[in-house]
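What follows is calculated from the coordinates using simple rules that are stated; it is not laboratory data. Bear in mind the structure is a predicted one, so any value in this text is a computation, not a measurement. Cβ: placed from backbone, ideal geometry, glycine included. Neighbour counts: every protein chain shown.
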Number of protein chains: 2
Amino acid sequence: MNQLVAAIDLADDLQAIDRAVLEKFESRSALLNVASRYLLSSGGKRVRAALTLLCARLGPHYEERRVYNVATAIEMIHAASLVHDDLVDEADVRRGRVTVHSKWGGNVALMVGDYLFALAAGQMAEASDPRIIKSFARGVERICEAELSPVTDVEPLQMALDQYYTKIGGKTAALFECAAEGGLLATGGSEQQIEALRQFGYEIGLAFQIVDDVLDFTADEQTLGKPAGHDLKEGTITLPVLYAIDQGASEIVREAALTYQPSPELVAAAVVEVRRVCATKRAFADAEKLVEKAIKRLDIFPDSPARDGLIDLAELVLRRKM
Amino acid sequence: MNQLVAAIDLADDLQAIDRAVLEKFESRSALLNVASRYLLSSGGKRVRAALTLLCARLGPHYEERRVYNVATAIEMIHAASLVHDDLVDEADVRRGRVTVHSKWGGNVALMVGDYLFALAAGQMAEASDPRIIKSFARGVERICEAELSPVTDVEPLQMALDQYYTKIGGKTAALFECAAEGGLLATGGSEQQIEALRQFGYEIGLAFQIVDDVLDFTADEQTLGKPAGHDLKEGTITLPVLYAIDQGASEIVREAALTYQPSPELVAAAVVEVRRVCATKRAFADAEKLVEKAIKRLDIFPDSPARDGLIDLAELVLRRKM
C-alpha cells in the first residue's frame, strides 16, 4: 500500500483517517476504549478507507468531513467484523498480534465489535445520503450470512466454486463494495457511476480475498504472521484447494480439506501438493481476471488522478505480499 | 401489557409490528432466518415498540410506515442485545425458553445479533430524520458500555448506587430512551418535546429494570421462568441487595453478593434475608418515584389518548408481574 500512498497523494488523508479512527473512542468504559484502540491500531492497511477516499474524489461535491466520516466508519465496521470473526474462529493471533478476545476475553471482544458497529452507524448518520447507511447495513448483513455459510464441498467443482464465491463475496467483497459506493455517495455521483463503483469494489474485493487465500499457500510464515496452510488447519476450504483437487492432486489434499482438525503434518503435505499442481497459479489467474474486469468498470469516468489511483489500487491488490 | 393494549387500542399496531418484525428475515442464510425468527417470536412484551408507537402519536406528522420502521428497529435492537447478553452470561434459558446460543451455538448467536443490528440500522435509514439513527447508535454504545461496567461494590451505598444506576441506565434505560425519542422524531415533535420524551423513556426504563430486579427476589419461579435469586447466582449485584446490606441484613447477603459462584443454599438464604429486611420494598419505592417523575415530564403535552396511554404504560411498569 505504501506505493499507492506515495503515487497518488493519499498519505495525508490516510493519516487523518488513522487519527480520526482512534479519536472516536471516548466511551465511559475504559476497557472499551483501550480494547477498541488496540484493535484499530493493529497496523491494518486501510485499503478500504483508501478505496472510499479515491471513489469520493470522483464525485462533484467533495467535502472532507463527510468523506472522512464514511472512510472511518468503513474501517470501524471492518475492525468490528474482524474482532467477531476472530471470536467465531477462536483465533489467538492476527497479523502477528494477540487478538482482543485472547487478551481480554470473549465478552470484551463481543462488546467491542458491537460498540464499533454502533459508532460506525452513528458516523454514517452524519453523512448526507441515507443510502450510505443502507449500503452499510446490507454489507454487515452479508458479512453475517457469509460467516454462517462455509464451503462444505470440494466437488463437483462448479458447486464448490459457487459456495466459495458466495462465501468470499460476503466475507470480504461486500465491504469493499460499500467502501467504494459510500465514497461516491458522499460526494454525489450519478446512479450509473455509483453502480459502476459498486461492481468495481465488489470485484477487487473478491480478488483481494483470492490473493489472501493464495498467499496462505505461497507466502512464508514470517510475512504471513502464521504458518502456511492456516486455512486448511482451521477447516476453511479455499480456491487453491478446489483447483488442486480438480487438477488431480493426490488424496492428501482432499483429506486435509475434509478432516476435522487435520494434523500439522497432513496440512504441510497438502500445502506442498497444492503448490505442485499449480493450483495457486490458477486461482491467482482468477484474481487477475477480476481486477481486469474491475478496471474496465472505470471506463465511464473521465481520466483523472483519482481514477488512475483506483487503477493502481486494483493492481496493487494483485501485487501485495501480505 | 394486555391491559394497556386493550385500554388504548394498541393491539392492531402491535400485531402489525409483530408481523413486520418476522417478515424482515429474508436472508440468504437459512440458519440466520430460523434463528432470528425463533428469537423474535419468543413472546416478548413489545413494551419498547408500544412506547415508540405512543410517542409517535404525539407528533404532528404521523405516517404509519415510518413509525413502524422505528418500532420494528427498536425491537430488533432489543433482541440483538438480548442474544449477545445471553452469550456473555452463558445463559441457557430466557423466559423459559432455550437461548439461541444454547440451541445453535455461540457463533450463530453472535451472528444473529450482528445481523439484527444491521437490519435495524437499515430500517432506521428509511426514517425521515437522521437523528433517529444517531440516537440508536448512541443507545447501542451505552448498552455495550453497561455490559462491561458491572456493579463491583456493595458499599459505601452512594458509590454502589452510582454503579448500579450507571449499569441499568445503559443496560435498559438507554433503549427505552431511544424508543420514546425515536417515536416522536419520526413524526416531528419540537426539541423541547423530544427532550421531555427522552427523559420520560429513560426514567421508565430505569423503573422497568428496578422492578425486574425486585421481581428476581419476590416472584415465584413459575412466573419468573427461573429460580428466585438468579441475579445473585450469576454474580449480578442489584438494588435490593445494596439496600439490604445498608439496612443491616445479615452477613449472608454480602457473602452471596461478593462470592464467585455462590452455592444455591447461600443464594436461597440471601433471598430470604433481602426480603426480611424489606429491601425490595425500598427498591420498589425508587421505581415508583421514577415513574412519578416520568409522568410529570408529560405535562408539556396537551391532553390526548396517546398521552393517557403513556401514563398507563408508565404505571404498568410498576404493576407487571414478570
| request: Please report A:251, A:141 as a ranked list, fewest other C-beta atoms within 10 angstrom at the top and most at the bottom. | output: A:251, A:141
| query | For the Cα atoms of chain B, what angle does the longest principal axis make with the long axis of helix B:157-168, in degrees from 0 to 90, nearest 10? | reply | 40
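Based only on other Cβ atoms within 10 Å, what is the fewest-to-most ordering of B:63, A:221?
On the way: B:63 14, A:221 10.
So the residues, fewest neighbours to most, are A:221, B:63.
Report, as a whole number in µm² per second, the diffusion coefficient that Stokes-Einstein gives for region B:2-319 at 10 °C and 1.306 mPa s using the Kirkwood radius over alpha carbon pairs.
Values: Rh = 20.1 Å.
Approximately 79 µm²/s, per Stokes-Einstein.
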| chain B, dipole about Cα centre (Lys/Arg Cβ +1, Asp/Glu Cβ -1), debye to the nearest 20 | 500
| task | Go ahead and estimate [θ] at 222 nm for chain A from helices alone: -39,500 (n - 2.57) per DSSP H run with n ≥ 4, summed, over the residue count, rounded to 500. | result | -23000 deg cm²/dmol
| remark: Here the correct list, in nm and shortest first, of distances from residue A:150 to the same site in the other copies, label points 7 Å along Cα→Cβ, is 3.2
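Please give me the summed charge of the neighbours of residue B:307: other residues whose Cβ is under 15 Å from its Cβ, Lys and Arg +1, Asp and Glu -1.
Working: positive: B:57, B:296, B:297; negative: B:9, B:299, B:303, B:308, B:312, B:315.
It works out to a net charge of -3.
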| query | So which lysines pass the test for residue B:233, namely a Cα distance under 22 Å, with those fewer than 8 places away in the same chain ruled out? | reply | B:167, B:171, B:281, B:321
| query | Highest mean first, what order results for B:80-89, A:201-210 on Cβ atoms within 10 Å? | reply | A:201-210, B:80-89
| note | Excluding residues fewer than 8 positions from residue A:103 in its own chain, the lysines with Cα under 20 Å of it are A:226
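Please label the shape of region B:131-224 as rounded, prolate or oblate, based on the square roots a ≥ b ≥ c of the eigenvalues of the alpha-carbon gyration tensor (a/c under 1.5 means rounded; beyond that, a/b larger than b/c means prolate, else oblate). Each step should come with its number before you reach the end.
Details: a/c = 2.27, a/b = 1.67, b/c = 1.36.
Cα axes put region B:131-224 in the prolate bin.
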| request: Calculate how steeply helix B:191-218 sits against the longest principal axis of the alpha-carbon atoms of chain B, using the helix alpha-carbon long axis, and give the answer as 0 to 90 degrees to the nearest 10. | output: 40
| Percent breakdown of C-alpha pair distances by 5 Å bin, ordered from the shortest bin, for region B:188-229 | 6, 22, 16, 13, 11, 9, 9, 8, 6, 0
| Calculated SAXS-style log₁₀ I(q)/I(0) at q = 0.05, 0.07, 0.09 Å⁻¹ - the protein assembly as shown, Debye, Cα scatterers | -0.25, -0.49, -0.78
| remark: For peptide A:140-152, the mean count of other chain Cβ atoms within 10 Å per residue Cβ is 6
| Under the Karplus curve 6.51 cos²θ - 1.76 cosθ + 1.60, θ = phi - 60°, whole-Hz ³J(HN,Hα) for region A:298-304, x wherever Gly or Pro sits | 7, 4, 6, 9, x, 4, 6
| note | Distances in nm between the label point of residue A:63 (7 Å along Cα→Cβ) and its equivalents in the other copies, shortest first, are 2.2
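So for region B:2-319, averaging the separation of alpha carbon pairs under 8 Å that are six or more residues apart and normalising by length, what relative contact order in percent results?
On the way: 495 pairs, mean separation 61.6, N = 318.
This gives 19 percent for region B:2-319.
Please sort B:150-159, B:19-28, A:106-115, B:304-313 by packing, taking for each peptide the average over its residues of neighbouring beta carbons within 10 angstrom, highest first. Display every interim value, and only then the final one.
Numbers: B:150-159: 14.0, B:19-28: 16.3, A:106-115: 25.9, B:304-313: 18.8.
Answer by packing, highest mean first, reads A:106-115, B:304-313, B:19-28, B:150-159.
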| Which whole-angstrom value gives the distance between the alpha carbon centres of region A:39-93 and region A:132-161? | 19
| note | For chain B, longest principal axis from Cα atoms; helix B:106-125 axis from its Cα atoms; angle between them, nearest 10 degrees, is 40
| message | For a quick check: sort B:181, B:145 by the number of other beta carbons within 10 angstrom, fewest at the front. | response | B:145, B:181
| query | Taking the label point 7 Å from Cα in the Cβ direction, how far apart in nm is residue B:234 from each other copy of itself, listed shortest first? | reply | 3.1
| query | Within straight cross-link reach of residue A:296, meaning Cα distance under 15 Å, which aspartates and glutamates are found once same-chain residues fewer than 8 apart are removed? | reply | A:195, A:203, A:288, A:308, A:312, A:315
